[in-house]
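Written out below as structure tokens is the structure these notes cover.
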Amino acid sequence: MQLLLNKLWTCFQNRRAILIVALATFFACYGFYSSNFCANYSNGLDDVSKSTADYYAGETTEQYFSLGPENAARVRVSYPEPDTLSVSNSTENIHQTEPKSGQKAKRRLPQALIIGVKKCGTRALLEFIRVHPDIRAAGSEIHFFDRFHDRGFEWYRLQMPPTFEGQVTMEKTPSYFVTRDVPKRVFQMNPAIKMLIVVRDPVERAISDYTQASSKKLDMKNFEDLAFINGSSKLVDTTWGPVRIGVYIRHLERWLRHFPLSQFLFVSGEQLITNPAAEMVRVQRFLGVKQFVSQQHFYLNTTKGFPCLLKAAASPGPRCLGKTKGRNHPLIKMSVIQLLREFFRPFNARLYQVTGINFGWP
Ligand code: A3P
């Protein structure tokens with residue numbers, strides 16, 4: 001009897017130990033699970049990959065583009081402003097395709113340049129084309145042809161990302177388009193180079209340019225005070241940067257003294273927002289690379305109202321441009337806009353004629 005009681009007691013003690021371990025395990029697991037659950041729940045609005053996956057599964061990219069910013073999505077995507085990245089960081093981040101047997105990557109002078117135009121969507125174009133495995137681009141603006149030309153081609157080459165044979169090396173510096181000596185210098189480097197120019201309604205571009213400048217200088221005059229000579233007169237100040245840069249044909253004519261039209265591709269800044277995939281078809285054809293970047297690479301961030309990449313070259317997940325791209329513009333009086341439109345109209349018409357493209361600006 002004593003023996004039986006002893007056995008029962010031992011068994012009870014073992015079971016109690018098992019019960020305690022089981023209860024401890026249960027509470028530990030529950031605590032871990034619930035803390036993760038809470039984190040997931042509170043982060044729900046920022047959970048980019050989940051939200052984009054939802055979008056992706058539900059509708060086609062085109063449908064996203066038909067949604068206006070008023071249908072604000074739950075997604076808010078942000079990433080470091082690429083323009084502020086240093087050259088070395090931004091180029092190192094770029095993914096590499098597999099080298100062909102035994103090949104070593106080398107830094108090479110660019111075979112294609114995005115030469116402008118400032119505030120027309122040049123960063124968007126660069127980020128979109130960098131997704132392509134056969135294209136490698138410097139992440140920052142190098143400013144070789146306008147500022148650092150005296151450093152020589154070897155310096156310039158070293159600013160480029162390493163590439164394998166067959167890959168296209170690119171760079172974008174929008175001030176090239178409007179800087180007097182640049183066409184001649186580019187020609188000296190490579191007379192066969194391909195150049196991409198993003199253009200946008202010059203009135204919108206001027207406002208965008210002004211918005212950027214006034215964000216850096218808080219006591220800046222009003223847009224109309226700067227756009228017109230003596231502020232209130234109707235004479236457009238053609239020396240003011242935001243106006244001067246928008247007379248695209250003037251700058252293009254300078255380039256055409258050195259290069260044939262066939263070496264330029266004009267990218268519509270408006271199309272780059274409303275239908276980036278279609279614009280990328282043209283870009284890839286022009287660069288002579290296979291069609292890779294397509295509709296499936298984009299989604300519309302409806303909060304921002306701009307297309308973003310589902311996967312960018314330098315990041316593992318979805319990526320939108322930084323907050324300095326796609327800013328809210330100040331309200332400008334319609335009368336001012338009309339005057340500027342009238343000013344730009346003949347120059348735009350000449351641009352349409354020379355390029356053979358009607359960009360449809362008002
Ligand atoms: P705003 O900020 O005035 O809207 P750039 O890169 O040449 O400086 O051009 C900036 C402009 O690119 C922005 O001007 C914006 O309109 C345009 N843009 C085009 N595609 C964009 C995108 N996917 N995300 C953000 N801005 C984009």
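Compute, for the range 239-362, the length of the dipole vector about the Cα centre, with Cβ point charges of +1 (Lys, Arg) and -1 (Asp, Glu) only. Units Debye, rounded to 20.
In total the dipole reaches around 260 debye.
What's the local net charge at V168, with K and R +1, D and E -1, over the other residues with C-beta under 10 Å away?
+2
Please report S262, S268, S315 as a ranked list, fewest other C-beta atoms within 10 angstrom at the top and most at the bottom.
S262, S315, S268
What lysines does K333 reach when the alpha-carbon gap must be under 16 Å and sequence neighbours fewer than 8 apart in one chain are set aside?
By straight Cα distance, K333 reaches K221, K234.
May I ask you to sort M160, M280 by Cβ crowding, counting other Cβ atoms within 10 Å and putting the fewest first?
Ascending number of Cβ neighbours within 10 Å: M160, M280.
Quick one: if the Förster radius is 45 Å, what FRET efficiency do Q296 and N328 give, using the C-beta to C-beta distance and rounding to 0.05?
With R0 = 45 Å, the Cβ-Cβ based efficiency is 0.90.
State which entries of K106/K172; K216/K304; K119/K217; K194/K216; K104/K323 exceed 27 angstrom in Cα-Cα distance in the structure shown.
From K106/K172; K216/K304; K119/K217; K194/K216; K104/K323, over 27 Å: K194/K216; K104/K323.
Values in this text are rule-based calculations from the coordinates and carry no lab data. It should be emphasised that the depicted structure is a prediction, and the values quoted were computed from it without experimental measurement. Every residue, glycine among them, receives a Cβ derived from its backbone with ideal geometry; neighbour counts consider all protein chains shown.
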